[in-house]
Each structure stands twice: as C-alpha cells, then as structure tokens.
1. Hey, what number do you get for the chain at 222 nm if only DSSP H runs of n ≥ 4 count, each worth -39500 (n - 2.57), divided across all residues, to the nearest 500?
2. Take the chain, connect every pair of alpha-carbon atoms lying under 10 Å apart with a spring to form a Gaussian network, then pick out the residue of R19, R153, R127 with the largest mean-square fluctuation.
3. Need one number for segment 99-207: average projected area of the convex hull over its C-alpha atoms, nm².
4. With N set to the number of residues, divide the alpha-carbon radius of gyration of segment 28-87 by 2.2 N^0.38 Å and report two decimals.
5. Measure off 7 Å from each Cα along the Cα-to-Cβ vector at F77 and A218, then give the distance between these two points in nanometres to one decimal.
6. Which one of H120, L110, Y42 is farthest out on the positive end of the charge dipole of the chain, using unit charges on Cβ (Lys, Arg +1; Asp, Glu -1) and the Cα centre as origin?
7. Given q = 0.09, 0.14, 0.15, 0.23 Å⁻¹, what are the Debye log10 I(q)/I(0) values for segment 1-122, with equal point scatterers placed on the Cα positions and solvent ignored?
8. When only DSSP loop residues count, what GluC sites (Glu not before Pro) in segment 113-220 have their Cβ near at most 16 other Cβ atoms within 10 Å?
Amino acid sequence: MFAAAIDGPAGAGKSSVARAAARELGFLYVDTGALYRAIALYMLEHQVDTEDPQAVEAALGAITVDIGYRDGEQQVFLLGENVTGRIRTQAVSEATSVCAGIPAVRAFLLELQRDMARRHSVLVDGRDIGTVVLPNAQLKVFLTASAEVRAHRRLKQLEEAGQPGAYEQILEEIRERDHRDSHRETAPLKQAADAVLLDTSHLSFDEAVAALVALVRARQ
Ligand code: DC
C-alpha cells in the first residue's frame, strides 16, 4: 500500500489534479472534503445549528458516513444513502466550512480516512492529511497556486458557467478564506514540515498531473 497526502487550499486544482494522477497510478482517489460535506448536509437537513458545536457533536451520534466507488468515482453515503449528488451546493459549502472547525467532527472522520489508507493505495485530498490524518504517509504534497492565479481560474470557471464575476472581488474572497483556513484553531491549513511544495501557478493541468505522478513514482 502507498499513501500520498495531498493538502492545500481550495481552488488550486487539487481535486482534479489528484483525481487524474490517481487514475494514472491505479490508486484510489479519496476526497475527504466530501465526508465533511455529508456531515454538514445532515445538519442542514435536520435543522441542527452548525454554529452550536455541542448540538453538532450530539447529532453525530445518529450518523454514519461511508465511502464507496462506482465506475472509479468516489461516492459518499450518509446513513447508507448515496448523497454524492447533493453535497455541492453553496449552502452545504458554507455549513461545511463551519462544521469542519468543530473538533468532534474531525475526530469522527479520522478512523474512516485512516482505514481507507490501510486497505488501498491512495491519494488522499484534504487540508490536514499530512499533518494529522496520515502523518506517516510515504509522500506528502502541499499543492497550491498563487491567490492571483486561483482568482483567474475561478473567474474563468464562472464565465464558462455563464456567471461572470469581478476579479478584484474574487481575489479578496480567496485571500479572506486563506486567512481563515490557516488561522483557525482546529486543524489549520499548513504545509507539513516534510511535505513537497507543488506550486501549479505556472503549470498546465497536464503538467501538474505529470509532476504529481512523478513524485509518487519516485517514492514507490
Ligand atoms: O475541499 P472541499 O471544498 O470539498 O472542502 C469542503 C470544506 O471542508 C472546506 O471548508 C474545507 C473543509 N475540509 C477540511 O477542513 N478538511 C479536509 N480534510 C477536507 C475539507
């Protein structure tokens, strides 16, 4: 088994790059953000106040979260129901960012993530995989891109979706989120001391995938 921890901020292309690299390597791609999203979905649908950590912690007792794969794509199950198609809304994103700061939520998902890495060769995409979840991973990568490049990529995505945005505003939001994610008390986003920095600011998608695959092969 080989475990690679892929951490980094949102919008750096982490999930698409890691997914493509995993396919090329024959590894499982584990999207840990989807697990946090499933928990947030439950809280939203059961009117649990995500700003109340004790209420969230109590509700965890009623939940099970599992991972499966269909045609090579990760599926996330909440209480046995496949909720993969319901976790990508703006409301879920916002609730997830609050829930992910609650220590009990992080503790709840720890064993599931570690178990995946025990049973399969994996590329695990998250925020604290190299620092907390898999401190002994054979490879740790901190995959990032400059805030300016991420803002340009986000702007392009929005334009392609027919929702033009304002560059300055997007850049400001990215900077604010980076600051919040790296300064929160529980599991702040930071590069592990032994992580390789992969800055994709000046790489094409294919170049970023090739760089990640090469890093894994060099440690196999
Ligand atoms: O990567 P994503 O956008 O699906 O992540 C959703 C939220 O969960 C985001 O606020 C960051 C958080 N998250 C986390 O705290 N730890 C992880 N391992 C993965 C995601």
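The values are calculated or read from the model by the stated rules, or taken from the named source; none is laboratory data. Small disclaimer: the values here were computed from a predicted structure and weren't measured. Cβ placement follows ideal geometry from the backbone for every residue including glycine, while neighbour counts extend to all protein chains displayed. SASA here: full protein model, heavy atoms, side chains in, ligands and nucleic acids out. Shrake-Rupley method; radii C 1.70, N 1.55, O 1.52, S 1.80 Å.
1. Working: 8 runs with 106 residues, N = 220.
Calculated mean residue ellipticity at 222 nm is -15500 deg cm²/dmol.
2. Highest fluctuation among the options: R153.
3. Values: hull surface 33.9 nm².
Seen from a random direction, the Cα hull of segment 99-207 projects 8.5 nm² on average.
4. Details: Rg = 12.0 Å, N = 60, 2.2 N^0.38 = 10.4 Å.
Compared with the compact-globule rule of thumb, segment 28-87 sits at 1.15.
5. Label-label distance for F77 and A218, simple model: 3.9 nm.
6. H120
7. -0.25, -0.60, -0.69, -1.46
8. Of the GluC sites (Glu not before Pro), the ones in loops of segment 113-220 whose Cβ has at most 16 other Cβ atoms within 10 Å are E185.
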